[in-house]
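Read-outs throughout are calculated quantities, based only on the coordinates presented, and are distinct from any laboratory measurement. Remember, predicted model here, so these are calculated numbers, not experimental data. Here the Cβ is made from the backbone with ideal geometry for all residues, glycine too, and neighbour counts use every protein chain on show.
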Amino acid sequence: MALNKLKCGLDFGTSNTAIALTERSTQKNVLLEHDSSVLFFDDTNDLSYAVGKEAVDKYIASQMKGRLLKSVKTLLKQKKFTHTYIFGKKFTPDELVTLIISHFKEQAEKAIGYQIDEVVLGRPVIFSEDEEKERTAVRRLLTAATNAGFKDVKLLFEPIAAAFTYEATLTRSERVLVADMGGGTSDFTIMNLGPDRIKANDRKDDIIANSGVYVGGDSFDAQLMWHKLTPLLGRGVTYKTYDNELEIPISIFRELNRWERSFLLKDTKMRRDLNGYYVFSGKNRKLNDLMTLIDNNLVYALYKQIEKSKIDLSEQTETNLNFRMQSIDIKALINRTEFSTFIREEIRSIEECVLNMLEKVNLKPSDIDTVFLTGGSASVVSVRNLFENLFGAQKINTGDHFKSIAYGLSLSL
């Protein structure tokens with residue numbers, strides 16, 4: 001198959017990345033693969049790295065001695081985050097993203113035997129409400145894609161790409177609200193779709209509205225960590241100093257509550273302070289577990305259990321979170337009702353974003369024919385209930401949570 005007959009779409013996500021190759025003439029999908037967006041660096045002389053499932057496997061095989069990076073996409077908008085050092089080597093945010101994008105590009109090229117030069121790359125509707133941070137994120141994303149070897153890079157809002165995937169299934173025209181519920185952001189598009197519009201070269205007039213909010217699966221995980229796990233790791237524990245009894249500083253647990261910043265807890269001063277709190281708390285077991293978690297790089301493993309519990313609650317009303325590693329033995333029963341309470345503010349932010357978008361274009365929920373849900377967080381019951389309550393259960397349609405956007409991106413070229 002000649003190279004110019006293939007179109008490439010790449011959905012670089014906070015939690016997962018997917019790549020799709022589609023034939024130009026038939027729109028037939030040739031390749032559609034996805035994997036997690038994690039990076040692992042081994043502490044070796046050549047500083048080897050791995051991406052996705054291989055990264056997690058190598059991290060576990062190394063007994064968590066290397067450096068694992070999750071939610072790298074969130075670094076793009078952080079203007080003050082200019083670089084990090086990994087085992088002595090300096091990496092900028094766009095260089096880290098380049099490693100992930102390069103991996104998926106190389107895997108696709110290996111599958112077809114050709115070099116891929118052209119790509120449509122997904123991006124959230126909003127990286128940040130701060131215009132300067134927004135520009136920084138877009139610039140870094142484009143730089144990463146170019147440095148990965150793509151010569152022609154086009155950006156497309158992720159929910160618009162998902163809309164194209166849904167449109168390929170239609171037999172009649174519809175006004176559709178697409179909700180891409182990702183790991184870092186929730187993005188929305190209202191668009192006129194239909195079989196008679198698919199081959200149009202310019203779809204700008206079909207796009208009615210776009211919006212987004214910086215809430216996603218990571219936000220939900222953080223709420224579970226905060227409400228159910230941090231109390232078991234020392235939040236609320238007191239220590240004695242002279243004639244006072246004080247609580248362990250809340251800042252420690254706020255860092256733990258943001259996975260991408262939890263490595264800061266290994267800072268020499270922070271670790272020394274923690275040891276002091278442990279001693280003056282009467283050697284509290286919870287603080288010992290926290291130090292074990294930090295010293296043995298087990299935070300990622302704990303977050304994977306949190307994520308698993310979140311997924312379980314999409315199918316069942318309660319679940320047991322069990323975490324037994326090293327000397328840590330944590331058990332927490334989580335039910336769907338309390339989880340819904342924990343993420344109430346996040347769901348409210350999503351609802352406000354959707355309603356404000358409708359209002360700006362003078363539409364009511366009844367004016368929407370279909371709601372197309374995609375993204376991993378679309379399976380969260382509170383998210384689905386929100387859209388069913390707003391638009392009616394009969395209007396809800398779902399796509400492949402991890403591949404819909406990549407396929408739609410490949411259709412858009």
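Within region 40-61, the set of residues being farther than 21 Å from residue 20 by Cα and either buried (at least 21 other Cβ atoms within 10 Å of the Cβ) or among the hydroxyl-bearing types (Ser, Thr, Tyr) (or both) comprises 40, 41, 44, 48, 49, 55, 59. Could you check, for region 160-168, whether at least one of its residues is over 22 Å from the mean Cα position of the chain (by Cα) and part of a loop (DSSP other than H, G, I, E, B)? There is at least one residue in region 160-168 that is over 22 Å from the mean Cα position of the chain (by Cα) and part of a loop (DSSP other than H, G, I, E, B). I want to confirm something. Restricting to region 208-241 and keeping residues that are crowded, with 22+ Cβ neighbours inside 10 Å and among the charged types (D, E, K, R), which single residue is farthest from residue 341 (Cα to Cα)? The qualifying residue farthest from residue 341 (Cα to Cα) is 218. What number of residues within region 87-119 satisfy the criterion of being of a type in the set (A, V, I, L, M, F, W, C) and part of a loop (DSSP other than H, G, I, E, B)? Here the count works out to 2. Please specify each residue of region 310-326 satisfying the condition of being out of contact with any strand residue (DSSP E or B) (no Cβ under 8 Å at 6 or more places or on another chain), outside any loop (DSSP other than H, G, I, E, B) and not hydrophobic (A, V, I, L, M, F, W, C). Once the filter is applied, which keeps residues that are out of contact with any strand residue (DSSP E or B) (no Cβ under 8 Å at 6 or more places or on another chain), outside any loop (DSSP other than H, G, I, E, B) and not hydrophobic (A, V, I, L, M, F, W, C), region 310-326 yields only 310. Scanning region 141-192 for residues that are within 26 Å of residue 82 (Cα to Cα) and among the aromatic types (Phe, Trp, Tyr) gives 150, 157.
When only residues in region 293-309 that are in a loop (DSSP other than H, G, I, E, B) and within 24 Å of the chain's Cα centre (by Cα) count, which is farthest from residue 378 (Cα to Cα)?
To start, the set of residues in region 293-309 that are in a loop (DSSP other than H, G, I, E, B) comprises 296-298.
Of the ones still in play, those that are also within 24 Å of the chain's Cα centre (by Cα) are 297-298.
Details: 297: 30, 298: 28 Å.
For region 293-309, the residue satisfying everything is 297.
Taking the criterion of being aliphatic (A, V, I, L, M) and in contact (Cβ under 8 Å) with a residue 24 or more places away in the chain, the residues of region 330-339 that qualify are 330, 332, 334. Scanning region 369-393 for residues that are in a loop (DSSP other than H, G, I, E, B), buried (at least 21 other Cβ atoms within 10 Å of the Cβ) and of a type outside the set (Gly, Ala, Ser) yields one hit, 380. Of all residue pairs spaced 6 or more apart or on separate chains, those with beta-carbon atoms under 8 Å, a first member in region 8-24 that is without any contact (Cβ under 8 Å) to a residue 60 or more places away in the chain and a second member that is outside any strand (DSSP E or B) and of a type outside the set (Asp, Glu) are 23/1; 23/5. Checked against (1) surrounded by fewer than 15 Cβ atoms within 10 Å (Cβ to Cβ); (2) within 23 Å of the chain's Cα centre (by Cα); (3) touching a residue at least 60 places away in the same chain (Cβ under 8 Å), residue 315 passes all but condition (3). If you filter region 6-25 down to residues that are assigned to a strand (DSSP E or B) and hydroxyl-bearing (Ser, Thr, Tyr), you find that the one that is farthest from residue 102 (Cα to Cα) is 22. Of everything listed in (1) free of Cβ contacts under 8 Å to residues at least 60 places away in the same chain; (2) within 17 Å of residue 390 (Cα to Cα), the single unmet condition for residue 327 is (2).
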